[in-house]
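Here's the structure, in structure tokens; my notes come after.
The values are calculated or read from the model by the stated rules, or taken from the named source; none is laboratory data. Fair warning: this is a prediction, and the values are worked out from it, not measured in the lab. Note: ideal-geometry Cβ built from the backbone for every residue, glycine included; neighbour counts use all protein chains shown. For the accessible areas, the whole protein counts, side chains as well, though only heavy atoms, and no ligand, DNA or RNA atoms are used. Shrake-Rupley method; radii C 1.70, N 1.55, O 1.52, S 1.80 Å.
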Amino acid sequence: MDPLSALREFTMRGEVDKIVRVNGEFRFGEEYTFPCWVETAYRSTKGNRYTLETLVHYIKNHHLKHTEYIQNTFAVGIPSVTLPDRKPLLQYLQGTLSSTDSIEYRPEDPSFAPKSNPPPHSQAEDQLEKSDELDLMSVIRSVERPLKDRQSLLECKNRDFYSVLVAATKREEERQRMESHQRKDGLVAKSRLMGSDDRGLGFPDDMGAYDPTPKPKMHLKGTKIGEGVPIILVPSAFQTLITIYNVKEFLEDGVYIPTDVKVKQMKGTRPDCVTVQKKLSRDRVVTAYEVRDKPSSLKPDDWDRVVAVFVLGKEWQFKEWPFKDHVEIFNKIIGFYMRFEDDSLESAKNVKQWNVKIISISKNKRHQDRAAALEVWDRLEEFVRSRSHS
């Protein structure tokens with residue numbers, strides 16, 4: 001009796017509950033005994049033969065919906081019967097179908113013979129049984145079919161990865177080019193302001209050659225920006241949100257990092273000048289600015305290049321500036337006041353009387369910083385264009 005026929009016989013007799021698993025065997029009452037892993041004659045629609053373990057588990061759980069049945073087989077670690085095979089397999093085991101094309105009988109294995117009151121084993125027979133157990137792995141290996149080996153996996157036939165290599169190379173070259181531009185800081189940033197170009201100021205991606213011809217300086221008597229890299233001033237006091245320490249992360253990456261955190265990261269090193277570029281958009285023109293926090297170190301020609309200031313909200317910030325009042329300052333320079341959105345407006349009492357743009361950020365929602373940084377860039381570039389064309 002083969003395993004499939006034995007299972008069908010017990011199913012038709014309504015004695016499925018008499019099929020008991022003991023260690024690695026299924027015992028069909030006192031009549032038959034089969035290994036759990038043995039393949040049956042029933043072939044699935046995928047081409048493989050179902051094991052006795054799979055069929056016994058299915059016939060005992062065929063009442064479950066397919067999703068529940070799949071979850072159950074996954075939980076117990078038993079291969080499942082496919083959805084297309086469920087109905088014809090159940091009909092065959094219950095006797096509704098006498099046969100099906102999915103059944104392919106093989107010569108019956110003598111080890112699957114019915115179990116009937118065997119005579120007492122002799123010592124030689126016991127040794128033979130132990131030998132059969134040792135040969136179990138040999139039996140398994142004998143039916144294995146190698147699908148792929150290490151060499152065939154590495155060859156990757158009919159697949160071309162050249163496009164992946166090209167894309168990776170281009171990305172690496174672009175990364176190195178951007179890093180090279182950033183390292184040049186102020187020297188690379190000294191490109192002519194494109195006053196006649198509506199795109200703003202900066203230098204094109206192809207990094208055209210620098211024109212060494214000296215250009216006339218423009219002083220405070222006029223309203224245009226002086227020749228050179230434009231300057232942004234930030235307060236040197238720590239009680240303001242934007243300082244020389246964290247301005248680069250905010251303007252370039254759109255992320256606010258508290259000053260005290262950046263001071264610890266930089267181990268107290270105070271930069272005299274920081275160069276920032278607009279990297280938050282896909283503009284082909286790269287805009288570069290110098291950021292400083294010591295107005296007293298600026299020369300008269302340097303003041304021609306100052307285009308923006310982050311204000312602290314205190315009058316003493318503008319002490320010794322080469323302007324007569326706040327009206328003149330914020331006509332020539334655009335002002336920004338950074339604050340937390342839940343701070344009291346009383347702290348911005350002076351600022352509200354000035355021609356200054358108030359930028360609010362959240363204390364905790366760092367994903368909103370990018371929008372605030374972009375607002376600064378938009379206002380700044382619009383202001384610079386108006387000064388360049390005036």
Report the extension gain between MET266 and LYS60 in nm, rounded to one decimal, defined as 0.36 nm multiplied by the number of residues separating them, less their alpha carbon distance. 67.3 nm
Starting from the Cα of LYS319, step 7 Å toward the Cβ, then list every residue of the stretch 235-262 with an amide N under 14 Å from that point. 236-237
Violating pairs (Cα-Cα greater than 19 angstrom) within the set LYS299/LYS319; LYS314/LYS357; LYS248/LYS324; LYS279/LYS357; LYS264/LYS319: LYS248/LYS324; LYS279/LYS357; LYS264/LYS319
List every residue whose amide H lies under 5 Å from the amide H of GLU25, counting only residues 5 or more places away in sequence or on a different chain, with H placed 1.01 Å from N in the peptide plane. CYS36
In this structure, the FRET efficiency calculated for SER297 and VAL327 from their beta-carbon separation, with R0 = 30 Å, to the nearest 0.05, is 0.75
For ASN72 and GLU172 in one chain, what is 0.36 nm times their gap in residues minus the Cα-Cα distance, to one decimal in nm? 31.2 nm
Enter the accessible area per residue of the stretch 280-390 (Å², integer; probe 1.4 Å; all protein chains in place). 54 Å²
Suppose all protein chains stay in the model; what accessible area per residue would a 1.4 Å probe give for the stretch 40-104, in Å²? 53 Å²
Which residues qualify? For VAL291, with a placed amide H closer than 5 Å and at least 5 residues away or on another chain, they are ILE232, VAL274, THR275, VAL276
Nearest 0.05, what FRET efficiency do GLU31 and MET137 give at R0 = 22 Å with Cβ-Cβ as r? 0.20
Given R₀ = 25 Å, FRET efficiency for LEU374-PHE340 by Cβ-Cβ distance, to 0.05? 0.85
Quickly work out the GLU15-to-LYS349 label distance, labels modelled 7 Å from Cα along the C-beta direction, and quote it in nm with one decimal. 9.9 nm
Using +1 on the beta carbon of Lys and Arg, -1 on that of Asp and Glu, and nothing else charged, what's the dipole of the stretch 301-343 about the Cα centre, debye to 20? 80 debye
If the chain between THR45 and SER360 were fully stretched, how many nm would it gain, using 0.36 nm times the residue separation less the Cα-Cα distance? 107.0 nm
